[in-house]
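Note sheet for the following structure.
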Amino acid sequence: MKKTITKKRHWPLVVGVIAFLLVGGFLGAAVYFFNVAMVAGHKSFINNNVRLEKSDPLYTQKRWFKTATKQVWTMESASDHLKLDADYIPAAKKTTKSVLIAHGYMNNKESMGAYAAMFHQLGYNVLIPDARAHGKSQGKYIGYGWPERFDERKWIDRLIEKNGQNSQIVMFGVSMGGATTMMTSGLKLPRQVKAFVEDCGYISVNAELMHEAKDLYHLPGWVAWPLIKTMSGINRIANGFFIGQASAVNALHHNKRPMLFIHGTKDTFVPTAMVYQNYAATRGAKQLWLVKGAVHAKSFATAPAAYQAHIKDFLAKYVK
């Protein structure tokens, strides 16, 4: 009888130890994935090759950007005193038209050279910042567009300061930059902001991380969901916001300005289906263009002439 009682008394301890090990392992996994997703650094799943090759369909545009004369602008971030870096290229002829370009995840302003060339050819002044924790800008943590949207609003103010109260400003972004563009659209912005163009941005950070957990790591939803919830708590402490807050769809509900949505039909990194939710959410004039056969962030390279034509025609309605 005594031995039986002793064994029964040991069970709570055994269960407690197992639970402690499980929780500790789960928390360790959440910290690991937080570092993979939110801390700036080399990412094995991102191709950052910006080498100039003549076989590139955007070779001419990228070569132009390499040799273009650029002004270096710096600014303090909106919320945490980071020094942000940007390149500014004035239009060939004096104009009130400017574009603010937002790059993708773990890319930088150099990666947006072809887009800069396109807008410059369309007669725009071009401003391309390095997002916080990217390129030459300071920072440790990636915000996926959520804290960056306030930085973008400050860059907009700088453009108005530079080019005057008659400024006409377009914001453009690709991938994370597309999401940043949509998230920025939900803010109270100066009247000088006339339109937005987003290319392959996600509907929310939570949805994108859930997708990548399944696509890159083959995690079932019942594992990914609590893992990302735990990551969200870590992100709130380290990075200032819960992952669930960062929603392009929710921001678009507050946007009444025109927006062009672009997405490749073969995009599996930010699934093409996401663009329909973003498109439905905005409250302003809108247009959707699906680029047949384009994979993630390759719509311009897939159809260069059509890409420029779509943007030119859309913006001509709102920027004079």
Notebook entry, point to check: What are the residues in segment 161-194 that are in contact with a helix residue (DSSP H, G or I) (Cβ under 8 Å, 6 or more places away or on another chain), of a type in the set (Gly, Ala, Ser) and farther than 16 Å from Val270 by Cα, if any?
Noted result: Ser167, Ser185, Gly186
Check: Just to be sure, is Leu219 assigned to a loop (DSSP other than H, G, I, E, B), of a type in the set (A, V, I, L, M) and crowded, with 18+ Cβ neighbours inside 10 Å?
Finding: yes
Item checked: Cβ-Cβ under 6 Å pairs, at least 6 apart or on other chains, segment 191-204 side over 19 Å from Ile262 (Cβ atoms) and free of Cβ contacts under 8 Å to residues at least 60 places away in the same chain, far side crowded, with 24+ Cβ neighbours inside 10 Å and β-branched (Val, Ile, Thr) -> Gln192/Ile169
Note to self: Quick test of your reading of the structure: Asn235 fulfils all but one of (1) outside any helix (DSSP H, G or I); (2) buried (at least 18 other Cβ atoms within 10 Å of the Cβ). Name the failing condition by number.
What the structure shows: (1)
Notebook entry, point to check: Is there any pair linking a residue in segment 135-161 that is under 23 Å from Ile234 (Cα atoms) to one that is of a type in the set (S, T, N, Q) and assigned to a helix (DSSP H, G or I), with Cβ under 7 Å and at least six apart or on different chains, and which?
Noted result: Tyr141/Asn239; Gly143/Asn239; Gly145/Thr180; Trp146/Gln245; Glu148/Thr180; Arg149/Thr180; Arg149/Thr184
Note to self: Between Leu260, Leu227, which is under 30 Å from Gln61 (Cα atoms) and either in contact (Cβ under 8 Å) with a residue 60 or more places away in the chain or part of a helix (DSSP H, G or I) (or both)?
What the structure shows: Leu260
Notebook entry, point to check: Which one of these is in a helix (DSSP H, G or I), modelled with pLDDT of 95 or more, of a type in the set (A, V, I, L, M) and more than 19 Å from the chain's Cα centre (by Cα): Ala30, Ala117?
Noted result: Ala117
Checklist line | Among (1) free of Cβ contacts under 8 Å to residues at least 60 places away in the same chain; (2) surrounded by 18 or more Cβ atoms within 10 Å (Cβ to Cβ); (3) under 22 Å from the mean Cα position of the chain (by Cα) - the single one His103 does not satisfy | finding: (1)
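The values are calculated or read from the model by the stated rules, or taken from the named source; none is laboratory data. Values in this document were obtained by computation on a predicted structure and should not be read as measured data. Positions of Cβ are generated from backbone atoms using ideal geometry, with glycine treated the same way; all protein chains shown enter the neighbour counts.
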